[in-house]
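Asker: Quick one: this structure, given as structure tokens, is what I'll be asking you about.
The values are calculated or read from the model by the stated rules, or taken from the named source; none is laboratory data. Only a predicted model underlies this, so the values are computations on that prediction, with no experimental measurement involved. No Cβ is skipped: glycine too gets one built from the backbone with ideal geometry, and neighbour counts run over all protein chains shown.
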Amino acid sequence: MVGNGANRIAAEEVRIKLSELCYKSIACDATEDKKHIDLSSEPLVLVCAAGLEGPNADDVAKEVAIYRAHRAAPVVVATEGQEFSAALATLRVPDVHPALAFVLSAMAGHLFGYEAALAIDAQARTLRQARAAIEVALAVPDAAGLLDRLAPALRPVARPVLAMLRSGQVDGSLPASVALQIASLLRYATGASPLETYEADHGRLGLPSVVVEDLTNALTRGIEELTRPVDAIKHQAKTVTVGISRSEDALLGAPLVGAVLAAGGERNRLGYRALRTLAALGPAVDEVVGSTRYGIEAVEDEGAERSLRLRVLAKKGVASGLASRAERSPELRGTKHRVATQREVTAAVGASDGRTVLIVPESREGRASGLVLLHVRFAGRLVPEVARAVLEGYQGRYAALVDAVTETEPRFADEVLGQVPVVDLLTQPVHVLAAHWRNRAEA
């Protein structure tokens, strides 16, 4: 970000906004000072230049030419009629009194940041499609032939993911280590690389279940890095310094968060993402009827193999009279293992008893330290607007569902959300849910 005179004030304001939306530290300098550094490491320079006239405008035009010569990509916010021929692009604003033009620089910068955040968020779409393909394969409980089932469904979505990584589109948003993991794991999952070499690359025995688990985790990390929630995009930059504590206090007042705390969950072990997800899921739950809190312990088995085990810490409500599987078989596995690994609040339906639950991870020092399982009664159906808000706040499920539907249908009809039971919207694989939209189109 650069600007001079009053436009320097606009540049400082836009810097804060862009830093918030793009989750990156962004430098801000006077226009004439930026040329003194190597711009190849900061290729995009947004120049606030609205309202400049005469020699000042000529000087800034020369600076922009220097940026371009130093391999930068200067984008200039300029008043209609101003020419900056060396600029990669020009964002034009109306001609107003020069004393007020810097305000338009700031507003254009805010809109630029909004669109930039949306563009970054859109890059997660291909990763969500890949994770959705994995959900479909895992919907079949038999583990035999897991990669054989997954590979044909994954190859069509793996190609655009790998093309995106090769093209450099996500170089500014996705950490290199995550991109490398995703690229490598996709090659193993689609059969392009033999499982015999998996341990040498990833340090774990190349079993199909291990490959799928590692790929799911890597895709989840990539999606998290690229996702820009619309509510964060719309907020003013001041929420970074003023609003965070207030927003967390508001989340603590959400009914489901209160239920987790009442079950014994510790506030300092619930991450912000878990709090936000629980708040979003509120309209989907009619009642919490019980809870079980588990601790997760690492145990060294014979042969020095390390495994994770569950220990029941407390039961309340309907759970008090239920026998927990962890009491007779404490190994951490199944859906609970996935929640502990991905550390995401997850809605589930019991495979053996059909009970509907929410599983909430607790974390400490970067790993899962426990789980809170809430026994819940989900609402039957929600009005489309509410159902959409719930899905947008739950693991980015709305965007994944839109992608699954629009693979075969010309548009996504939000009104169908109100016709599908909430428990199905939250727990069924998105490609299975997409059948509701296809059936509607055929009818």
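Residue-by-condition table, conditions (1) at pLDDT 90 or above; (2) of a type in the set (A, V, I, L, M, F, W, C); (3) touching a Leu at 6+ places or on another chain (Cβ under 6 Å); (4) assigned by TED's automatic domain parsing to the domain that holds S105:
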position	(1), (2), (3), (4)
E12	yes, no, no, yes
E20	no, no, no, yes
H36	no, no, no, yes
D58	yes, no, no, yes
K62	yes, no, no, yes
A65	yes, yes, no, yes
E80	yes, no, no, yes
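Asker: Report those helices (runs of 4 or more DSSP H) wholly inside segment 78-182 carrying at least 1 residues which are touching a residue at least 24 places away in the same chain (Cβ under 8 Å) and in contact with a His (Cβ under 6 Å, 6 or more places away or on another chain).
Answerer: Where helices (runs of 4 or more DSSP H) fall fully within segment 78-182 and carry at least 1 residues being touching a residue at least 24 places away in the same chain (Cβ under 8 Å) and in contact with a His (Cβ under 6 Å, 6 or more places away or on another chain), they are 125-138.
Asker: Sticking with this one: Conditions: (1) more than 27 Å from Y272 (Cα to Cα); (2) in contact with a Ser or Thr (Cβ under 8 Å, 6 or more places away or on another chain); (3) in contact (Cβ under 8 Å) with a residue 40 or more places away in the chain; (4) not charged (D, E, K, R). A348 meets all but one. Number of the miss?
Answerer: Result: A348 fails condition (1) only.
Asker: Looking at A368, A389 in this structure, which one is modelled with pLDDT under 95, among the small types (G, A, S), touching a helix residue (DSSP H, G or I) at 6+ places or on another chain (Cβ under 9 Å) and not in a strand (DSSP E or B)?
Answerer: Exactly one of A368, A389 is modelled with pLDDT under 95, among the small types (G, A, S), touching a helix residue (DSSP H, G or I) at 6+ places or on another chain (Cβ under 9 Å) and not in a strand (DSSP E or B), namely A389.
Asker: Something else now. Considering only segment 151-164, how many residues are under 19 Å from the mean Cα position of the chain (by Cα) and crowded, with 20+ Cβ neighbours inside 10 Å?
Answerer: Qualifying residue count, segment 151-164: 3.
Asker: Of all residues in segment 269-287, count the ones that are crowded, with 21+ Cβ neighbours inside 10 Å and touching a strand residue (DSSP E or B) at 6+ places or on another chain (Cβ under 8 Å).
Answerer: The total comes to 6.
Asker: How many of the residues making up segment 67-77 are modelled with pLDDT under 90 and either within 13 Å of S105 (Cβ to Cβ) or in a strand (DSSP E or B) (or both)?
Answerer: 1
Asker: If you don't mind, there's one more thing I want to ask. Taking only pairs six or more apart or across chains, which ones have beta-carbon atoms under 8 Å, a first residue in segment 411-433 that is closer than 14 Å to L281 by Cα, and a second residue that is among the β-branched types (V, I, T) and assigned to a helix (DSSP H, G or I)?
Answerer: Pairs that qualify, where the first residue is closer than 14 Å to L281 by Cα and the partner is among the β-branched types (V, I, T) and assigned to a helix (DSSP H, G or I), are V422/V390; L425/V390; L426/V390.
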